[in-house]
Each structure stands twice: as structure tokens, then as C-alpha cells.
Amino acid sequence: MNRDNIRLLLVEDNADDVLILEESVAEINSGELYGCRFDVDRVESLAAAKSWLESHEPDVVLLDLSLPDSTGIETVYKFEQYLSETPVVILTGLTDSTAAVTSIRQGIQDYLVKGMITPDSLFRSVVYSVERHKMVTMIQGLAMVDELTGLYNRRGFMKLARHNMTLAKRKSYSISLLCADLDNMKNINDRFGHKEGDR
């Protein structure tokens, strides 16, 4: 994300809701108050969003929970494969508060209630979501990388393998796996100590 330019993907089919969001974006973009600019791309269905994401990388996805091809919490479940790569803010109605809380537990960064969106709330939600996503990604990285070698540990390997296998399947790529094993490390550690073994 460029500090002065945040690219949003808006997944919304309701023209009235789009207009309200566009007005908030226009106000954010109109002056120096917010210190950045939002560039918005829009699609009208979950399928169109997935297709768009194949060739684009937004900074944040604004995802409506009521789409022609998906509604409610099912929308979040169907979008789950993208949550590790991109922060997602859901757009929900007042009656969907349970779905909103469940969505946060599933990895959604934030939610905005339709009809209550202002330039301030949109700006806060988008910027905070980007920063929270960076922190979560950093913490996950620390939990998945071996401190000594800088290589993925078992947890990291399994996550990366699942992600790459899904990506390879989606894009019809081949995938290879190379394994390496170091023999006799126990002998080195026992004879010279772990510090020397680490070296």
C-alpha cells in the first residue's frame, strides 16, 4: 500500500449503497484532511470478485454480505481463501450483527454498517484494517519460521503447502517438492554443544 494511495475493491450490487460509499470516498479524496486517496474498483458479485482478484491486488476488499450469488456468513466462508492475502472489511445491515461478529472470528478485519457509513468511519476502518493485517501477518510469520535457519517450520510448511496447492490447482500449474535432510546433527550437538551445532 502506498501511503498516499489505497486501492479498494468494492464488492457490492446495490446502486444506492454504492452511491453512499462513493460520496464518502469523494470526500476523503477531496482534501488534505485524510492525507491519502482511495481508488475504488467495483464488481457486483462474489464470482466477479474472485475473478478480479486473479489479476489484481487491492489493499483492502469491501465485501457486502448480501450479493446475488451469496448471502450472510456464507459469503465470508466462500471468500476465506483470500483472507490471508488481503484485509477484508464487510458491509452489513443492522440486522446482521451476529454475522459481523462471526466474520471477525473468521479473519475479517472490520465491518461497516450500511446506512451509518461516514467518511471518517470508512477511512478509519480501511486504514486500521491495513495496519492490523500487517501486524497479524508479521506475527503469523514469526510463528511459522524457524528462528535458527529462517526456513518454514512444520506449521509454516503446511500453511504454505496448502496455499500453493490451491493456487496451483486454480491456475493449472505443476508443483514440485524438494526434501533435504541433515544427518548426524545429534552427534555434533552431543560432542560440541548446541551452539556449535547451530553454527
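The values are calculated or read from the model by the stated rules, or taken from the named source; none is laboratory data. All figures in this text were calculated on a predicted structure; none of them were measured in a lab. Using ideal geometry, Cβ is built from the backbone for each residue, glycine included, and neighbour counts are taken over all protein chains shown. We work out accessible area using only protein heavy atoms, side chains counted, and drop any ligands, DNA or RNA first. Shrake-Rupley method; radii C 1.70, N 1.55, O 1.52, S 1.80 Å.
For first residues located in the range 74-99 and of a type in the set (S, T, N, Q), partners that are assigned to a helix (DSSP H, G or I) and at pLDDT below 85 and lie 6+ apart or on another chain with Cβ distances below 6 Å form the pairs Thr92/Ala100.
Of all residues in the range 55-73, exactly one satisfies the criterion of being of a type in the set (Asp, Glu) and either free of Cβ contacts under 8 Å to residues at least 12 places away in the same chain or open to solvent by less than 20 Å² (accessible area, probe 1.4 Å) (or both), namely Asp64. In the range 85-125, of all residues being among the charged types (D, E, K, R) and farther than 25 Å from Asn164 by Cα, the one that is least open to solvent (accessible area, probe 1.4 Å) corresponds to Asp110. Looking at this structure, is Asn189 open to solvent by less than 60 Å² (accessible area, probe 1.4 Å), farther than 21 Å from Lys50 by Cβ, of a type outside the set (D, E, K, R) and over 25 Å from the mean Cα position of the chain (by Cα)? Yes, satisfied.
If you go through the range 4-38 and pick out every residue that is under 18 Å from the mean Cα position of the chain (by Cα) and open to solvent by 50 Å² or more (accessible area, probe 1.4 Å), you end up with 2. Scanning the range 143-186 for residues that are among the small types (Gly, Ala, Ser) and open to solvent by 80 Å² or more (accessible area, probe 1.4 Å), we see that the one that is farthest from Leu53 (Cα to Cα) is Ala180.
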